[in-house]
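Remarks on the structure that follows.
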Amino acid sequence: MNPATSSSRFNRLSFKDGDSAEVLSIQREADSAGSQRPNRVYAEPARQTPVFAETEVLVVGGGPAGCAAAVAAARAGAQVLLVERYGHLGGLSTGGLVFWIDRMTDWAGKQVIAGVAVDILDRLPSDSVVGPPREDWGSRDPAKNAYWGQRSASFRDTVTWAPKVDPEWLKIVSLDMLREAGVRLLLHAWAVAPILEGTALRGAIFESKEGRHAILAKVVVDASGDGDIYAGAGAAYSAEVDTASMHHCVNTAWTWGGVDMERWLRFRREEREAVARIRDQGRAEIGEVEFPYSSWRPDVALFLGPRLTGYSPVKVEDLTAIEIESRQWMVKLLAFFREHCPGFEQAWIMQTAQETGIRHSRRLGSLQPICKADWELGRRYPDEVGVSPSLTPAFASVSVPYRSLIPAEIDGLLAPGRHIGCDTSSHTFMREIPQCWLTGQAAGVGAAVAVRGDTEPRNVDVRRVQAELRRQGVYLQVPAETGSVAEVAGPR
């Protein structure tokens with residue numbers, strides 16, 4: 001698909017954070033040919049699926065939420081097995097090249113997303129993580145914000161803790177943490193179907209080079225990112241998207257090596273009219289210009305776009321088209337940048353993401369979705385299991401309820417990560433990497449407490465969950481004594 005042809009149209013999405021004033025999305029037009037699938041079915045023969053393993057807690061997905069869930073559950077004393085379809089951990093933060101770890105501090109500079117988020121970043125080598133020093137978190141100094149604004153760590157004229165990290169080291173550290181916690185790990189294995197006993201989830205079917213196997217579990221944590229397991233189990237979910245929002249776009253990210261990012265950032269800061277001319281020229285020559293982000297190295301540039309709309313991240317033909325179109329854009333932009341952009345004369349394609357950059361697919365129909373109307377009023381949920389920074393200083397930090405991880409009807413399941421229960425406005429920040437660590441850690445502890453109490457996740461005493469989260473370094477705003485989830489949610 002050629003981005004400059006009639007099969008796509010451009011849509012610029014304005015936002016205020018950081019140095020960028022707008023972000024390009026490319027809206028796919030309807031393909032007149034459409035997808036031609038045969039109107040036939042194939043009846044598979046019945047089979048006996050061998051049981052590969054039995055465990056207390058099964059975590060599906062090894063992204064930020066899954067890794068945090070597995071580590072937290074194991075630290076809380078549960079037997080844990082994690083299944084990951086790729087050959088590495090970290091999900092979009094590593095294989096998706098989303099190594100810009102969004103802000104974890106509130107508007108006063110206090111780190112509110114802690115626990116596993118602190119553990120994992122503190123383990124990284126010093127030369128593989130770049131961000132503002134702790135003493136600058138919360139600073140409103142214009143010079144500091146100008147500097148960090150160009151490096152994606154200043155928002156609303158406030159310096160925040162939002163570092164860039166080396167994705168390869170993040171893979172290594174994630175693996176080390178799981179192994180140290182005693183988590184059993186299966187890589188190159190893809191969970192494809194839930195195992196249900198009535199309305200209770202009791203494991204999952206997965207496939208690998210060895211074929212099809214079953215894993216039985218007392219509690220399943222669906223950290224697939226797309227709600228694959230809970231959707232298959234029949235849990236309610238929402239999937240509507242706002243095509244005018246950058247938060248519902250998809251793309252394949254990439255990095256270029258051999259660049260001089262300091263020179264480029266200086267050019268953007270000092271030659272704004274020349275930058276505008278370059279953007280206009282790019283729009284005329286190739287359709288659009290997407291500017292890069294800095295990385296953990298001054299000679300590596302990160303591109304998180306162009307962002308594509310009109311595709312479904314749970315349709316295989318759309319995922320194929322996204323990969324093709326993203327790489328076509330990468331080649332066009334490389335030639336343009338080499339010719340026109342200071343610091344990119346010697347740029348070369350370093351890496352394209354192994355995982356598609358999906359921002360939104362499904363959102364759980366949970367017992368208590370996170371809703372804009374609540375956090376705008378500063379509501380603190382009694383079953384709070386984490387705290388997220390708010391979108392602007394006008395709002396208090398956002399309270400994250402345990403019930404946002406619990407399906408309204410399916411037992412034996414928790415669902416952390418970008419597919420938790422929330423509305424579209426809340427999803428814009430709850431999908432980010434730190435929030436996935438936050439909800440993953442909460443789900444892991446909730447799963448372990450459920451196993452130890454021989455009860456369903458919806459029925460645990462949330463005070464035990466909160467006490468264990470505090471022991472693991474998680475920041476909570478609510479008092480230590482709150483009550484059980486059943487008391488908070490009311491009778492089922």
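The values are calculated or read from the model by the stated rules, or taken from the named source; none is laboratory data. Computed from a predicted model, the values in this text were never measured in an experiment. Neighbour counts are summed over all protein chains in view; Cβ atoms, including those assigned to glycine, are modelled from backbone coordinates with ideal geometry. Ligands, DNA and RNA are excluded from the accessible area calculation, which covers all protein heavy atoms including side chains. Shrake-Rupley method; radii C 1.70, N 1.55, O 1.52, S 1.80 Å.
What FRET efficiency would be calculated for the residue pair A394, Q328, taking the C-beta separation as r and a Förster radius of 25 Å, to the nearest 0.05? Each step should come with its number before you reach the end.
Details: r = 41 Å, r/R0 = 1.63.
Computed FRET efficiency for A394 and Q328 comes out at 0.05.
The largest accessible area among S295, S208 belongs to the first residue in S208, S295, and the rest follow in falling order (1.4 Å probe, all chains).
Taking amide H as placed 1.01 Å from N in the peptide plane, the amide H of S139 sits under 5 Å from that of V159, each at least 5 places away or on another chain. Candidates S388, A353, W100 compared by Cα position along the dipole of the chain: farthest toward the positive end lies S388, with charges placed on Cβ.
For the stretch 27-157, which whole percent of the accessible surface, found with a 1.4 angstrom probe, sits on carbon and sulfur atoms?
Here carbon and sulfur together make up 47 percent of the probe-accessible area.
Semi-axes of the equivalent ellipsoid for the stretch 186-344, computed as √(5λ) from the eigenvalues of its C-alpha gyration tensor and ordered from largest down, come to 43, 17, 14 Å.
Please work out whether the stretch 320-433 counts as rounded, prolate or oblate from its C-alpha gyration tensor, where a ≥ b ≥ c are the square roots of the eigenvalues and a/c under 1.5 means rounded, while otherwise a/b larger than b/c means prolate and anything else oblate? Taking the square roots of the gyration eigenvalues as a ≥ b ≥ c, the stretch 320-433 is prolate.
Might you report the magnitude of the Cβ-based charge dipole of the chain about its Cα centre, with Lys and Arg at +1 and Asp and Glu at -1, to the nearest 20 debye? Write down the numbers at each step before the final one.
Details: 55 positive and 61 negative charges, 31 e Å.
Computed about the Cα centre, the dipole is about 140 debye.
Can you give the charge dipole size of the stretch 347-396 about its Cα centre, rounded to the nearest 20 debye, using +1 on the beta carbon of Lys and Arg and -1 on the beta carbon of Asp and Glu? Mind showing how you got there, number by number?
On the way: 6 positive and 5 negative charges, 29 e Å.
Roughly 140 debye, rounded to the nearest 20.
Taken over the alpha carbons of the stretch 349-393 as equal point scatterers, the Debye sum produces base-10 log I(q)/I(0) values at 0.15 Å⁻¹ of -0.63. Can you classify the stretch 131-238 as rounded, prolate or oblate using the Cα gyration tensor, where a ≥ b ≥ c are the square roots of its eigenvalues, rounded means a/c under 1.5, and otherwise it's prolate if a/b beats b/c and oblate if not? Cα axes put the stretch 131-238 in the prolate bin. For A396, the residues whose amide H sits under 5 Å from its own are G378, ignoring neighbours fewer than 5 places away on the same chain, with H placed 1.01 Å from N.
Projected label points at K315 and R379, each 7 Å from Cα along the beta carbon direction, are separated by 3.4 nanometres. Considering only alpha-carbon pairs that sit under 8 angstrom and 6 or more positions apart, the relative contact order computed for the chain is 21 percent. With contacts taken as Cα pairs under 8 Å and at least 6 residues apart, the stretch 332-415 reaches a relative contact order of 25 percent. Please give every one of the lysines within straight-line cross-link reach of K144, meaning a C-alpha to C-alpha distance under 27 Å, and leave out same-chain neighbours fewer than 8 residues apart. Within the straight-line cut-off, K144 pairs with K16, K110, K164.
Listed by chain and number, the aspartates and glutamates placed with their C-alpha closer than 12 angstrom to that of K332 are E285, E288, E290; residues fewer than eight positions away on the same chain are left out.
Tally Lys/Arg at +1 and Asp/Glu at -1 over every other residue whose Cβ is under 11 Å from the Cβ of H88; what's the total? Let's see the in-between values first.
Values: positive: R85, K171; negative: E84, E168, E355.
Combined, the nearby Lys, Arg, Asp and Glu give -1.
Rounded to a whole number, what % of the accessible area of the stretch 163-203 do carbon and sulfur atoms account for, probe 1.4 Å?
Details: 1070 of 1960 Å².
Carbon-and-sulfur percentage of accessible area, whole number: 55.
What spacing in nm lies between the two simple spin-label points modelled at V41 and E345, each 7 Å away from Cα in the Cβ direction? The answer from the label model is 6.4 nm.
Taking K and R as +1 and D and E as -1, what net charge do the other residues with C-beta under 12 Å from the C-beta of G473 add up to? Spelling it out: positives minus negatives among the neighbours equals 0. Would you mind checking the stretch 329-351 for residues with the amide N under 17 Å from a putative spin-label position 7 Å along Cα→C-beta of R269? Once the point is set 7 Å along Cα→Cβ of R269, 342-343 turn out to lie under 17 Å by backbone N, inside the stretch 329-351. Shown in residue order for the stretch 450-462 are the 3J(HN,Hα) couplings computed by the Karplus curve 6.51 cos²θ - 1.76 cosθ + 1.60 at θ = phi - 60°: 5, 5, 5, x, 6, 9, 7, x, 5, 9, 5, 7, 4 Hz (x for Gly and Pro).
Kirkwood-type hydrodynamic radius, the stretch 350-492: 15.3 Å, calculated from all non-identical alpha-carbon pairs. Protection proxy ranking for 419-425, 169-175, 376-382, using the average of other Cβ atoms within 10 Å per residue and placing the highest first: 419-425, 169-175, 376-382. Per atom type, the stretch 316-418 shows carbon and sulfur on 54% of its accessible surface, probed at 1.4 Å. Short-range pairs are left out: with C-alpha atoms under 8 Å and at least six residues apart, the relative contact order of the stretch 257-409 is 21 percent.
What does the highest-first list of 219-230, 447-458, 133-144 look like by mean Cβ count within 10 Å? Working shown, then result.
Values: 219-230: 28.8, 447-458: 21.8, 133-144: 14.1.
Highest mean packing first, the order is 219-230, 447-458, 133-144.
A Cβ-based charge dipole, computed about the Cα centre of the stretch 343-492 with Lys and Arg at +1 and Asp and Glu at -1, lands at about 60 debye.
Helix-only arithmetic for the chain: the sum of -39500 (n - 2.57) across DSSP H runs with n ≥ 4, divided by the residue total, places the mean residue ellipticity at 222 nm at -9000 deg cm²/dmol.
Using r as the Cβ-Cβ distance of S208 and I286, and R0 as 51 Å, what FRET efficiency do you calculate, to the nearest 0.05?
On the way: r = 41 Å, r/R0 = 0.81.
That pair, S208 with I286, gives E of 0.80.
Once the 1.4 Å probe is applied to the protein heavy atoms, the chain comes out at 41 Å² accessible per residue. Spin-label model, R277/T199: points 7 Å from Cα along the beta carbon direction are separated by 6.7 nm.
Over the Cα atoms of the stretch 46-195, Rg to Rh with Kirkwood Rh, two decimal places? Intermediate results must be reported in sequence, preceding the final value.
On the way: Rg = 18.2 Å, Rh = 16.8 Å.
So for the stretch 46-195, dividing Rg by the Kirkwood Rh gives 1.08.
Extension gain for the segment Q354 to T424, taken as residue separation times 0.36 nm less the Cα-Cα distance, is 22.5 nm to one decimal.
According to the Kirkwood expression over distinct Cα-Cα pairs, how big is the hydrodynamic radius of the chain, in Å? Don't jump to the answer; show the numbers that get you there.
Values: mean 1/r = 0.0432 Å⁻¹.
It works out to 23.2 Å.
A cut-off of 5 Å between modelled amide H atoms, ignoring neighbours fewer than 5 places along the same chain, links A193 with I205.
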